[in-house]
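> One structure coming up, written as structure tokens, with questions to follow.
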Amino acid sequence: MVTNAPTLDEFMHGVVKRNPGEEEFHQAVKEVAADVLPFVADKPKYKEWEIMRRIAEPDRAVMFRVTWMDDNGNIRVNRGYRVQNNNAIGPYKGGIRFHPSVTLSVLKFLAFEQTFKNSLTGLPMGGGKGGADFNPKGKSDGEVMRFCQSFMTELVRYIGPDTDVPAGDIGVGAREIGYMFGQYKRLTNSFVGVLTGKGMEFGGSLIRTEATGYGAVYFMQNMLEAQSNSVEGKTCVISGSGNVATHAVEKINDLGGKAVTLSDSSGFIFDPAGINAEKLAWIKDLKNVRRGRISEYADEFGCEFHEGRPWGVECDLAFPCATQNEIDEGEAKTLVSNNCIGVSEGANMPTVLGGIEIFKDAKIMYGPSKAANAGGVAVSGLEMSQNSARIAWKEEELQKLLRDIMKDIHDNCAEYGAEGKHINYVKGANIAGFIKVANAMMAYGVV
Ligand code: NDP
Ligand code: 2IT
């Protein structure tokens, strides 16, 4: 069964042919295959077992109608999905996204990435992702509740605490997880850890809310420490103003950095004085309770608001924490020419492939999403462990576990990504994430 190793072009030709028009999925697979194919080329065992081809084909993807009634009595129809990419090393695990831009391609890219990310955490979790093209913006609590209940009424068939454990992502936070968990419990008459990111009263874990943003800053700190540098005194540009962005700012402040921007889909605020703890508390209330726009910050605190994205603001460190493809090639060049020395990705796949090449060529510290934002799903894994054991760990223990996991991910990426004195974290993350999944798949034979 010996086969010749395909070139990247040959491999991608097959992926594009089997998944026509799914550009985000092609992009995510290409980024990984570019590192993994050369790595397996002289390792017959991985090559012969066609591991990369198998990981790039989801185990299954389900699509379903979600019907619900709005406050005016209109019948609304959305499309729901769950993509179960790979469960070689544990139950499928990954968030649920509610956003009008959700398509099968977006969720396939996210489930594929999640497979490598979850492997990097060192915890037993496979990769999955789900969501719907539902737009929570401007909806009442009642509408969101009815949508979540209808979504779960269908999703319940495909998930379970040992099968597939969803969590939050864009548009899905504590409120939505509460509604979905309540409906799962009602439909199955079982109280189990089937979702993570739950409220503390019903099986949630301390620091899950903070974990992704904190983890992305820890990853940056680890990259800086490898060069005898630190976050202290650094000017930081952050995009987004949701869960990941606000907690990244919180940790930047803790470590003595200065966060000067946040954004949403309308534009960004630039606050040269820095977004301190008091301003951050105001933003969390704006986003989670009043559900307002980031432009209101500029009115409240008297700073600039601009349309577009924040990457033209001069900075030492950049933290994209909003969405995919939010740093294009031109913006990557701008960051480099403004002497930005490090990028840590809180969002999933925020940099286009051409932008990644620009960061690599400039040899700046670049922490790709599957490594840098793994702190969230890592604490989700710890929430699953606590639920299974029916115990709750203390905050200090969890804080330490998160820091240690992020350090291990960093060191693992550094080992596989070493290129002389420089560390190619993209290559390191792709290869380190691949090996564990590949070894498990080979143990199972041809499945
Ligand atoms: P939230 O819904 O809490 O916040 C999303 C933020 O990004 C909002 O400020 C939103 O602005 C902005 N945003 C979303 N879509 C767009 C867009 N198309 N253009 C511009 N801005 C946009 O989500 P999270 O903070 O949870 O997620 C942010 C990113 O982090 C995503 O890429 C997600 O996949 C990733 N991530 C999240 C994890 C988690 O634990 N939550 C874990 C790992 C990664 P607006 O309100 O205007 O839409
Ligand atoms: O992209 C991600 O890692 C998440 N949205 C979190 C997934 C999870 O299961 O906690």
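> Kindly provide the set of residues from segment 152-178 that are more than 10 Å from ligand 1 (Cβ to nearest atom), β-branched (Val, Ile, Thr) and farther than 18 Å from VAL62 by Cβ, ordered by number.
Within segment 152-178, ILE177 is the sole residue that qualifies.
> While we're looking at this one, here's another question. Filter segment 98-119 for residues that are within 10 Å of ligand 2 (Cβ to nearest atom) and of a type outside the set (A, V, I, L, M); which is surrounded by the most Cβ atoms within 10 Å (Cβ to Cβ)?
Of everything passing the filter in segment 98-119, ASN118 is surrounded by the most Cβ atoms within 10 Å (Cβ to Cβ).
> Is segment 231-240 home to any residue that is farther than 27 Å from LYS407 by Cβ, under 18 Å from the mean Cα position of the chain (by Cα) and assigned to a loop (DSSP other than H, G, I, E, B)?
no
> Which residues, counting only those in segment 245-255, are in contact with a helix residue (DSSP H, G or I) (Cβ under 6 Å, 6 or more places away or on another chain) and within 16 Å of ligand 2 (Cβ to nearest atom)?
Selection gives THR246, HIS247, ALA248.
> If you take just the helices (runs of 4 or more DSSP H) that sit entirely in segment 1-73, which of them hold at least 2 residues that are farther than 27 Å from LYS93 by Cβ?
8-18, 23-41, 44-48
> While we're looking at this one, here's another question. Of the residues that make up segment 388-403, is at least one away from ligand 2 (no atom under 16 Å from the Cβ), β-branched (Val, Ile, Thr) and in contact with a strand residue (DSSP E or B) (Cβ under 7 Å, 6 or more places away or on another chain)?
Checked segment 388-403: no residue is away from ligand 2 (no atom under 16 Å from the Cβ), β-branched (Val, Ile, Thr) and in contact with a strand residue (DSSP E or B) (Cβ under 7 Å, 6 or more places away or on another chain).
> What about THR235, is it of a type in the set (Ser, Thr, Tyr) and either within 16 Å of ligand 1 (Cβ to nearest atom) or farther than 23 Å from PRO350 by Cα (or both)?
Criteria not met by THR235.
> When PHE219 is evaluated against the numbered criteria (1) within 27 Å of THR115 (Cα to Cα); (2) away from ligand 2 (no atom under 16 Å from the Cβ); (3) in contact (Cβ under 8 Å) with a residue 24 or more places away in the chain, which criterion, by number, is the only one it fails?
(2)
> For segment 403-437, name all the residues that are outside any helix (DSSP H, G or I) and either of a type in the set (D, E, K, R) or free of Cβ contacts under 8 Å to residues at least 24 places away in the same chain (or both).
Those that are outside any helix (DSSP H, G or I) and either of a type in the set (D, E, K, R) or free of Cβ contacts under 8 Å to residues at least 24 places away in the same chain (or both): ALA418, GLU419, GLY420, LYS421.
Per-residue answers, yes or no, for (1) more than 30 Å from LYS421 (Cα to Cα); (2) crowded, with 18+ Cβ neighbours inside 10 Å; (3) of a type in the set (A, V, I, L, M, F, W, C); (4) within 16 Å of ligand 2 (Cβ to nearest atom):
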position: LEU224; (1), (2), (3), (4): no, yes, yes, no
position: SER230; (1), (2), (3), (4): no, no, no, no
position: ASN243; (1), (2), (3), (4): yes, yes, no, yes
position: GLY257; (1), (2), (3), (4): no, yes, no, no
position: VAL260; (1), (2), (3), (4): yes, yes, yes, no
position: ALA273; (1), (2), (3), (4): yes, no, yes, no
position: THR323; (1), (2), (3), (4): yes, yes, no, yes
position: ASP328; (1), (2), (3), (4): no, no, no, no
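> Identify the residue in segment 362-380 that is hydroxyl-bearing (Ser, Thr, Tyr) and within 8 Å of ligand 1 (Cβ to nearest atom) and, among all such residues, is farthest from GLY204 (Cα to Cα).
Going through the qualifying residues, I end up with SER369.
> Hey, could you check segment 111-160 for residues that are of a type in the set (Gly, Ala, Ser), in contact with a strand residue (DSSP E or B) (Cβ under 6 Å, 6 or more places away or on another chain) and part of a strand (DSSP E or B) and say which is farthest from VAL172 (Cα to Cα)?
GLY126
> As an exercise: evaluate GLN84 against (1) within 16 Å of ligand 1 (Cβ to nearest atom); (2) more than 30 Å from GLY142 (Cβ to Cβ); (3) assigned to a strand (DSSP E or B) and give the number of the one condition it does not meet.
Answer for GLN84: the failing condition is (1).
> Got a sec? Which of GLY126, GLY142 is of a type outside the set (Phe, Trp, Tyr), within 20 Å of ALA56 (Cβ to Cβ) and more than 13 Å from ligand 1 (Cβ to nearest atom)?
The conditions single out GLY126.
> Across segment 262-308, what is the number of residues that are of a type outside the set (A, V, I, L, M, F, W, C), touching a residue at least 40 places away in the same chain (Cβ under 8 Å) and more than 30 Å from ASP141 (Cβ to Cβ)?
The total comes to 1.
> Also, I was wondering about something else. Identify, from the list GLY95, GLY131, GLY127, GLY122, the residue that is farther than 18 Å from ILE75 by Cα, out of contact with any Leu (no Cβ under 8 Å at 6 or more places or on another chain), surrounded by 20 or more Cβ atoms within 10 Å (Cβ to Cβ) and at pLDDT 95 or above.
That would be GLY127, the only listed residue that is farther than 18 Å from ILE75 by Cα, out of contact with any Leu (no Cβ under 8 Å at 6 or more places or on another chain), surrounded by 20 or more Cβ atoms within 10 Å (Cβ to Cβ) and at pLDDT 95 or above.
> Quick check on segment 43-62. Is at least one of its residues among the small types (Gly, Ala, Ser) and surrounded by 22 or more Cβ atoms within 10 Å (Cβ to Cβ)?
yes
> Just checking, which of THR209, THR163, THR196, THR188 is crowded, with 24+ Cβ neighbours inside 10 Å and polar (S, T, N, Q)?
Being crowded, with 24+ Cβ neighbours inside 10 Å and polar (S, T, N, Q) holds for just one of THR209, THR163, THR196, THR188, which is THR196.
The values are calculated or read from the model by the stated rules, or taken from the named source; none is laboratory data. Remember, it's a predicted structure, so these values are computed and weren't measured experimentally. Glycine also receives a Cβ, built like all others from the backbone with ideal geometry; neighbour counts cover every protein chain displayed.
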